[in-house]
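Comments concern the structure below.
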Amino acid sequence: MTGGLLDRRFFLKKGITFSVAVLASEPLHASTENYRQPWMEKPGEPFSNYGQPSAHEKETIRWTMGNSMAKGNGVSWTPLHDLEGTITPNGLHFERHHNGVPQIDPQKHQLLIHGVVKKPLIFDMDVLLRYPMVSRQCFIECGGNSNTGWRDEPIQTAAGYFHGMVSCSEWTGIPLKILLNKTILEESAKWVIAEGGDASMMNVSIPLEKMMDDCFLAIYQNGERIRPENGYPLRLIVPGWEGVVNVKWLRRLHLCNTPTMARNETSKYTELLPSGKARQFTFVMEAKSLITNPSYGYQLDKKGIYQISGLAWSGRGEIVKVEVSADGGKTWVEAELQQPVLSKCFTRFRIPWNWNGESTILKSRATDETGYVQPERKELIAERGKHGYFHYNGIVSWEITSKGVVSHVYA
Ligand SMILES: Nc1nc2c(c(=O)[nH]1)N[C@H]1C(S)=C(S)[C@@H](COP(=O)(O)O)O[C@H]1N2
Ligand SMILES: [Mo]
């Protein structure tokens, strides 16, 4: 009736043991023969100054895609299909640069806050490091993430190379409100133009209200200083809003009474609608989810029980529900949400599934705390037309063939 989806607490239920549950891949029978391994016969490797992943995990990398016309302009994707949990390792955080990664000397980096303020101020890193800090886990997602979903044919590539322009970290830094208040804002201040210290000097306009609400200046990423590619030594974090406003290498905040109409809020990161009008300042990233395991490129070996696992997130707050369908959307079952569920943060969902060996389609659908439900692809296209490039959040469908091959379909 449910395409083989089982109660989300199936594995945890009292009385059900793994000897009863037939997992699609069962453990080997006990044997003493392989008990001693070659690496147990001699001392291991020495200590290291900075740990690296196992040599056996060499395939877990970002895929990079540059632009042959402009070397520093391009992206690299997080391999979401290879990861578990909710935190993206620093070396795998996706990248989107408009003109390369500046090699900034933190001793020379400064932040200027000026414009319609009574007291313009310059902060250097030593001063900033003495300010009170907060930590917050949140995702950053490029407005262009998943944009191949707008194409007429479903792209056949790993989940991370389709949806991996989103990552989630614990960022630590200074609430912006503290620094803005120090400059004593004028009444007329309504917008903040944030500018990066890279060669593209990328700038964007952000409403002051949001800046005073939950924005902060990050200095640390998952406990260590931010990586150069993610904004070292100082980055603006705008929780839940599209990637482009999370200005990296932040060097200037200009208080204004209007937005500046920069390139990235006029010719880019706007969306042409069927009516001929374009959406502009579409900051919030709407709720989205996808199954990461199994996903494109996975091979199911035989029928039996699998644990479906995936990610959901919303720029409007917490994810309250993720439903999974194993029959192409006819029936839906609620997945288990890994706790704690945090606002504007990755939420991991999981659900056990008994695959009967027949071809079928898996989907996931997220609902956030505002009641917003992730749309089917055709609903999204009906609303936004086919000229979209940004903000694609349609439901993702993975087809499983009777041979266990997983591919991407529109269904
Ligand atoms: N200074 C500066 N900030 C920037 C960018 C940039 O090129 N320069 N790219 C923006 C875009 S479009 C995105 S999606 C995010 C990407 O952040 P990440 O590279 O840390 O993943 O940074 C934003 N901030
Ligand atoms: Mo972006």
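The values are calculated or read from the model by the stated rules, or taken from the named source; none is laboratory data. Everything numeric in this text was worked out from a predicted model, so none of it was measured. In this analysis, Cβ positions are derived from the backbone assuming ideal geometry, glycine residues included, and neighbour counts consider all displayed protein chains. Remember, those area values only see protein heavy atoms, side chains included, never the ligands or the DNA or RNA. Shrake-Rupley method; radii C 1.70, N 1.55, O 1.52, S 1.80 Å.
Values for this structure:
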item: Residues being out of contact with any Leu (no Cβ under 7 Å at 6 or more places or on another chain), outside any strand (DSSP E or B) and either in contact (Cβ under 8 Å) with a residue 40 or more places away in the chain or among the charged types (D, E, K, R) (or both) - total across segment 333-354; result: 6
item: Failed item, numbered, when GLU141 is tested on (1) under 15 Å from GLY231 (Cβ atoms); (2) within 16 Å of ligand 2 (Cβ to nearest atom); result: (1)
item: Residues that are closer than 28 Å to LYS288 by Cα and more than 10 Å from ligand 1 (Cβ to nearest atom), drawn from segment 239-260; result: PRO239, GLY240, TRP241
item: Any hit, segment 303-325, residues being outside any strand (DSSP E or B) and under 22 Å from ARG151 (Cβ atoms); result: no
item: Strands (runs of 3 or more DSSP E) lying entirely in segment 119-190 (those with 1 or more residues that are in contact with a Phe, Trp or Tyr (Cβ under 7 Å, 6 or more places away or on another chain) and farther than 20 Å from PRO294 by Cα); result: 134-141, 166-175
item: Output for segment 107-123, where each listed residue is open to solvent by less than 60 Å² (accessible area, probe 1.4 Å) and either away from ligand 1 (no atom under 16 Å from the Cβ) or among the acidic types (Asp, Glu) (or both); result: ILE113, HIS114, GLY115, VAL116, VAL117, LEU121, PHE123
item: Residues satisfying the stated conditions in segment 191-227, i.e. in a strand (DSSP E or B), within 9 Å of ligand 1 (Cβ to nearest atom) and small (Gly, Ala, Ser); result: ALA194, GLY196
item: Segment 340-380, subset among the polar types (S, T, N, Q) and within 18 Å of the chain's Cα centre (by Cα), residue nearest to THR88 (Cα to Cα); result: THR347
item: Residue in segment 291-305 that is more than 16 Å from ligand 2 (Cβ to nearest atom), under 18 Å from the mean Cα position of the chain (by Cα) and surrounded by fewer than 20 Cβ atoms within 10 Å (Cβ to Cβ) present; result: yes
item: Matching residues in segment 354-390 - criterion: being over 19 Å from VAL166 (Cα atoms) and of a type in the set (A, V, I, L, M); result: ILE361, LEU362, VAL373, LEU380, ILE381, ALA382
item: Close pairs (7 angstrom Cβ cut-off, 6 or more residues apart or separate chains): more than 14 Å from ligand 2 (Cβ to nearest atom) in segment 225-245, charged (D, E, K, R) anywhere; result: ILE226/ARG235; TYR232/ARG225; PRO233/ARG225; PRO239/ARG136; PRO239/ASP214; PRO239/LYS344; GLY240/ARG316; GLY240/LYS344
item: Total residues in segment 363-379, condition free of Cβ contacts under 8 Å to residues at least 40 places away in the same chain and closer than 17 Å to SER325 by Cβ; result: 3
item: Matching option when the condition is more than 22 Å from the chain's Cα centre (by Cα), within 16 Å of ligand 1 (Cβ to nearest atom), at pLDDT below 95 and surrounded by fewer than 20 Cβ atoms within 10 Å (Cβ to Cβ), among THR266, THR270; result: THR266
item: So THR258, is it surrounded by fewer than 17 Cβ atoms within 10 Å (Cβ to Cβ), without any contact (Cβ under 8 Å) to a residue 24 or more places away in the chain and among the hydroxyl-bearing types (Ser, Thr, Tyr); result: no
item: Boolean, LEU300 is of a type outside the set (Gly, Ala, Ser) and farther than 21 Å from ASN246 by Cα; result: yes
item: Qualifying residue in segment 130-145 (condition: without any contact (Cβ under 8 Å) to a residue 60 or more places away in the chain, under 20 Å from LEU250 (Cβ atoms) and of a type outside the set (Ser, Thr, Tyr)); result: yes
